[in-house]
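Input: a single structure, listed below in structure tokens.
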Amino acid sequence: EDGGPDPEKHCGHGRGGMGESVRRKEDKRFITGRGNYVDDIKKPKMLHCEIVRSPHAHARINSIDTERAMQVDGVVAVLTAEDLAAHDLATMPTLMDDTQDVLVNDKVKFQSQEVAAVIAEDRYIAKDGAEKVAVDYEVLDPVVTAKDALEADAPLIRDELEDQEDNHIFDWDVGDKEATDAIFEESEVTVKEQMEYQRLHPAPIETCGCVADWDPGKEKITVHLTSQAPHAHRTLFSMVSGIPEHKVRIVSPDIGGGFGNKVPIYPGYVVAAAASVVLERPVKWMEERSENIQTTGFARDYDMTGELAATKDGKIRAVRTDVLANHGAYNAVAQPSKFPAGFFNIFTGSYDIEAAYGSLTAAFTNTAPGGVAYRCSFRVTEAVYLIERMVKVLAHELDMDPAEIRRKNFIQPEQFPYESPTGWNYDSGDYEKALDLAMEMADYDHYREEQQRRIEEDADKLIGIGISSFTEVVGAGPGKTCDIAGIEMFDSADIRVNPTGNAVLRVGVQTQGQGHETTFAQIVAEELGMDVENISVEHGDTDTDPYGLGTYGSRSTPVAGAATAVAARKVRDKAKSIAANELEAAEEDIEWDRESGHFHVAGAPDRSITITEIAAGAYMNHPAGEEPGLEAVDYYDPPEMTYPFGSYIVVVEVDRETGAVDFEKFVAVDDCGNRINPMVIEGQIHGGLAQGIGTAMMEHVTYDENGNCTGGDFMNYLLPTSMEIPNFETGYTVTPSPHHPIGAKGVGESPTVGSPPAIVNAVVDAMAHAGTTHVEMPMTPDRVWAALAEVGLER
Ligand code: CDP
């Protein structure tokens, strides 16, 4: 009723509300070693599970001999698909309606696939037992790339599926093909580039695992799970196991990073749960690093062609794209089922373009299944990469400054809400403002001069400047269009104010390190006039928390953050009637003052009462005819998604002798609408930029032609360390979301989504004067050196 919070003006009111850099409440337990992760959980009589995995990518299983494993002292059981079939658990549904073997039934479809499980008294014994399981494989020809998989003579991977005659999964398209083609026909300038978004792995510090504990007395299973979506997992667990949902409790304790990797259900979870039910003892399963990288949800793996049609003076008129997607051995992509290509739909980016057309073909291959939203809203990362790379390609073709070409094409502030040519409704934006700030912070003109000077002097080290002015789409729902395994993507909050004036907030989302225990408490502090220290946030326990769809795709703030604000306002409404009772005034005369956080009688500010006093009244002197207590629940179905954006500018120095790339300057300007906690946002940006650097420079899950995963451990899947990370300079603009109760948009994934094209654009820019238009990621020194050599710039 007072127009909502304005963190730029109020800045938390000193109570830790919106806009204050409140220190993270959760950090005390993390930095003093008191975190409680799944692998910290130890239960009496707990058994351990080790999975036997296939060394081959494609092989028929003739037989499995478990006898020698059973003879190992301490091995309690060895499970195969046959044992699971007896309990109807041999297969499980993927998030995309495909059916995946829990343990291989007949044919192995990717290297390290789950073949058998050994359950033993401790992990070492389980591992010894696993080594003694003898599997007789008949090795088949594998197919590893999507392109090869679609060749007419490619081996058929999914021969168990009726009507599946090849490795093709689906075709998808969006936009107006005819209108787009027509513009391409008549346009003055067209450009085309092929680019690969390589297979990545989210690689959270904590791998996936669970402790499943069947209680035969209560006939109830409790599963401590590395889960980004505990409620959705409860529903899926119940559906897979046949155990009624009220007899399934999922607890997601402290989580050491998720990044999309902890959204799917994995065979290890199902095996541990089945073993616990059969053996009537708790069973722990915890992956090793290589198991995590080689078998759980990968990300990206898109082979993309981009095309732009434009006028000679740089107005982009149409965009066209075609994608070949490698989905691995099962269609287990994690994204709303109504969007076969996820939110790749917004490949028109931040630009006002007349027409657009996108198409995609997905294929099965003998590689691990996945396609998770790695710190991204379901393929928006690939879309942003495509359009931001293509703008640079066009700038090169037209010999225009890439900043100028962006300015010429930005959707203008007055055009919002803006409907894109692919049918997406952008809520708000001011793209030029963010770019202007980033250019100023990056000292853009200076580096352009320096770049020219080095070229003229034929220097050993070249300067490249890369820009990315990305737009994101985060906060899935609305429920009518977005779902996970059929469940609508709303979210929830439950606030209970205690008689002594403090409160517990329970939310349906689950933090994996983003600081929800602090920032969600700040929303309540803002909306109820309480001190942030008096609010505790609980999440991750399906027995006590309201149903929610989980944390991924930066949806927590847009959806559960909105639910929290609305629930707090419901509490405020009830608080008014109690205030009226306490102040002996009419309810309609009670006003709430956001600045002081007090309720007072209209026109008499000294007749006021705090939420703490109201809480006491709610339990000790509640108004006649009203229910006692002070609490509220909200299930929030967002009307739309939110569209955060930003401009990143990266200046690199490229060594012509070694191909090494050094970051000279790294500027990130973000706009996530109203900001809850600037310090948390800064942390989110730093982490995401580090992942963007990993993506652009070193990370790649590689396979050889036999389907052996050659990039499946940290010796070969390289993550950036502090040595590779430069100092980031961050800035921000604030363009509130008009439909979000507190004007906030999500922010967590922006840096991972927005930074890779800025980095690639910078490296390409360093060689553009010699004709380079593209360098593939990851831009390892050998690749950069080869690109230099291709245009005669090597030393
Ligand atoms: O869903 P996830 O928590 O990964 O992403 P998010 O909603 O973008 O939030 C990441 C962290 O940044 C959370 O602690 C948010 O509350 C915080 N944040 C903020 O302080 N202000 C915003 N406008 C957006 C997020």
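The values are calculated or read from the model by the stated rules, or taken from the named source; none is laboratory data. As the structure is a prediction and not an experimental result, all values here were calculated from the model. Note: ideal-geometry Cβ built from the backbone for every residue, glycine included; neighbour counts use all protein chains shown. Each accessible area value is taken on the protein alone, full model and side chains, heavy atoms only, with ligands, DNA and RNA left out. Shrake-Rupley method; radii C 1.70, N 1.55, O 1.52, S 1.80 Å.
Brief remarks follow.
- Matching residues in segment 611-665 - criterion: being away from the ligand (no atom under 16 Å from the Cβ), assigned to a loop (DSSP other than H, G, I, E, B) and hydroxyl-bearing (S, T, Y): T658
- Residue in segment 121-136 that is within 31 Å of the chain's Cα centre (by Cα) and small (G, A, S) present: no
- Of V532, V524, V509, V497, all but one fail to be touching a residue at least 24 places away in the same chain (Cβ under 8 Å) and either surrounded by fewer than 20 Cβ atoms within 10 Å (Cβ to Cβ) or within 11 Å of the ligand (Cβ to nearest atom) (or both); the exception is V509.
- E450 falls short of the stated requirement of being in contact with a helix residue (DSSP H, G or I) (Cβ under 9 Å, 6 or more places away or on another chain), open to solvent by 10 Å² or more (accessible area, probe 1.4 Å) and at negative phi.
- Here V680 fulfils each of the conditions (1) over 23 Å from F343 (Cα atoms); (2) in a loop (DSSP other than H, G, I, E, B) apart from (2).
- Number of positions in segment 683-722 that are assigned to a loop (DSSP other than H, G, I, E, B) and either acidic (D, E) or within 16 Å of the ligand (Cβ to nearest atom) (or both): 4
- Scanning segment 115-130 for residues that are open to solvent by 10 Å² or more (accessible area, probe 1.4 Å) and in contact (Cβ under 8 Å) with a residue 24 or more places away in the chain turns up E121, D122, R123, I125, K127, D128, A130.
- Residue match in segment 298-319 (condition: within 29 Å of E488 (Cα to Cα), open to solvent by less than 10 Å² (accessible area, probe 1.4 Å) and basic (K, R)): yes
- Segment 674-716, residues that are farther than 27 Å from Y643 by Cβ, free of Cβ contacts under 8 Å to residues at least 60 places away in the same chain and among the hydrophobic types (A, V, I, L, M, F, W, C): M715
- Summed over segment 550-566, residues that are open to solvent by less than 10 Å² (accessible area, probe 1.4 Å) and assigned to a helix (DSSP H, G or I) total 9.
- Residues of segment 18-53 satisfying the condition of being open to solvent by less than 40 Å² (accessible area, probe 1.4 Å), in a loop (DSSP other than H, G, I, E, B) and more than 18 Å from S227 (Cβ to Cβ): M18, G19, V22, M46
- Considering segment 444-513, the qualifying strands (runs of 3 or more DSSP E), each wholly inside and each with 3 or more residues that are within 27 Å of the chain's Cα centre (by Cα) and of a type in the set (S, T, N, Q), run over 461-471.
- Checked across segment 255-262, the condition of being under 16 Å from E114 (Cα atoms) and either surrounded by fewer than 24 Cβ atoms within 10 Å (Cβ to Cβ) or in contact (Cβ under 8 Å) with a residue 24 or more places away in the chain (or both) holds for no residue.
- Some residue of segment 464-475 being more than 20 Å from S750 (Cβ to Cβ), more than 16 Å from the ligand (Cβ to nearest atom) and open to solvent by 10 Å² or more (accessible area, probe 1.4 Å): no
- Among the candidates G597, G603, residue that is within 25 Å of D6 (Cβ to Cβ) and open to solvent by 30 Å² or more (accessible area, probe 1.4 Å): G603
- Odd one out for H516 among (1) of a type outside the set (K, R); (2) within 17 Å of P230 (Cα to Cα); (3) surrounded by 24 or more Cβ atoms within 10 Å (Cβ to Cβ); (4) in contact (Cβ under 8 Å) with a residue 60 or more places away in the chain: (4)
- Residue within segment 573-584 that is within 12 Å of the ligand (Cβ to nearest atom) and not in a helix (DSSP H, G or I) present: no
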